[in-house]
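The values are calculated or read from the model by the stated rules, or taken from the named source; none is laboratory data. Computed from a predicted structure; not experimentally measured. Every residue, glycine among them, receives a Cβ derived from its backbone with ideal geometry; neighbour counts consider all protein chains shown.
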Amino acid sequence: SQQGEEDPQALSIQEGENATMNCSYKTSINNLQWYRQNSGRGLVHLILIRSNEREKHSGRLRVTLDTSKKSSSLLITASRAADTASYFCATDDSRSAQKLVFGQGTRLTINP
Amino acid sequence: DAGVIQSPRHEVTEMGQEVTLRCKPISGHNSLFWYRQTMMRGLELLIYFNNNVPIDDSGMPEDRFSAKMPNASFSTLKIQPSEPRDSAVYFCASSFGTVYQPQHFGDGTRLSIL
């Protein structure tokens, strides 16, 4: 089954710097979503981008989608300590647009 | 508004025992999903419901696992008998509509089978 794969697996940066995480997937999609998970908590939806969109913004978040390369990136600008979390991309399953297949995630650490 | 509510938050039991995990989705949401998260396999979809009807249970690992949704505000995931390899964090999520909708997750049940 298609699955998003995040890169890098772990990222550690200083507060105030920008953080970029990448996601690659294998087959065509209808939409791609990014989620955040704080330690011990459930996933929280951040942003959804449809296959006919190339870029989307939400506050300090910027998501791009390149369907020709089957890849997406999540950029967090001016990072804060509170951004420390794991970030997951999720793609819809080719057989069912409602099913989401999650990648393994990127563990982001923001150092004060 | 209350989010997705799962209970219990933690469960420790001995192998062979029956385990029941509970979920209350967000009011008005008509889709409900059960996931399992482990370090080795990541986040896996076990089963999902639309309008209380199971749509896809292909992720349920084996017959020891069963899920029900008797009404729009309640779902259970049952493991009987439980085994140590079932140890994981189990998440319930709900969404409104069928496609292109974000899923709202509960904080999970951390299950440990001894």
Of the residues in region A:31-51, those that are aliphatic (A, V, I, L, M) and crowded, with 17+ Cβ neighbours inside 10 Å come to A:LEU32, A:LEU43, A:LEU46, A:ILE47, A:LEU48, A:ILE49
Is it the case that B:GLU62 is of a type in the set (Asp, Glu), away from chain A (no Cβ under 14 Å) and either without any contact (Cβ under 8 Å) to a residue 40 or more places away in the chain or surrounded by 14 or more Cβ atoms within 10 Å (Cβ to Cβ) (or both)?
-> yes
Identify the residue in region B:70-114 that is in a strand (DSSP E or B) and among the β-branched types (Val, Ile, Thr) and, among all such residues, is nearest to A:ASN30 (Cα to Cα).
-> B:VAL89
Residue pairs qualifying under the 6 Å Cβ cut-off, at least six apart or on distinct chains, with the first in region B:40-53 being at the interface with chain A (Cβ under 7 Å from one of its Cβ atoms) and the second being among the aliphatic types (A, V, I, L, M) and exposed (fewer than 11 other Cβ atoms within 10 Å of the Cβ), are none
Considering only strands (runs of 3 or more DSSP E) fully contained in region B:2-49, which possess at least 1 residues that are acidic (Asp, Glu)?
-> B:10-13
Count, please, the residues in region A:64-112 that happen to be of a type outside the set (Gly, Ala, Ser) and within 13 Å of chain B (Cβ to nearest Cβ).
-> 15
Select from region B:32-46 the residues that are basic (Lys, Arg) and loosely packed, with under 15 Cβ neighbours inside 10 Å and list them in ascending order.
-> B:ARG41
Within region B:78-94, can you find the residues that are surrounded by 17 or more Cβ atoms within 10 Å (Cβ to Cβ) and charged (D, E, K, R)?
-> B:ASP86
Take region A:18-45 and flag every residue that is over 10 Å from the mean Cα position of the chain (by Cα), at pLDDT below 95, within 13 Å of chain B (Cβ to nearest Cβ) and under 14 Å from A:PHE102 (Cβ atoms).
-> A:ILE29, A:ASN31
B:SER7 under 24 Å from A:LEU48 (Cα atoms) and either surrounded by 16 or more Cβ atoms within 10 Å (Cβ to Cβ) or touching a residue at least 60 places away in the same chain (Cβ under 8 Å) (or both) | no
What do you reckon, is B:ILE47 among the β-branched types (Val, Ile, Thr) and closer than 25 Å to A:CYS89 by Cβ?
-> yes
Please specify each residue of region A:1-17 satisfying the condition of being within 11 Å of chain B (Cβ to nearest Cβ) and at pLDDT 90 or above.
-> none
Identify the single condition in (1) in contact (Cβ under 8 Å) with a residue 12 or more places away in the chain; (2) within 14 Å of the chain's Cα centre (by Cα); (3) away from chain A (no Cβ under 11 Å) that B:ASP57 does not satisfy, given that it satisfies every other one.
-> (1)
Scanning for something of a type in the set (S, T, N, Q), within 11 Å of chain A (Cβ to nearest Cβ) and under 19 Å from A:GLN104 (Cα atoms), does region B:96-110 turn up at least one residue?
-> yes
Residue pairs within 6 Å by beta carbon, gap of at least six or interchain, first lying in region A:90-108 and outside any strand (DSSP E or B), second at pLDDT below 90, listed first then second, are A:SER94/A:THR27; A:GLY103/A:GLY4; A:GLY103/A:GLU5; A:GLY103/A:GLU6; A:GLY105/A:GLU6
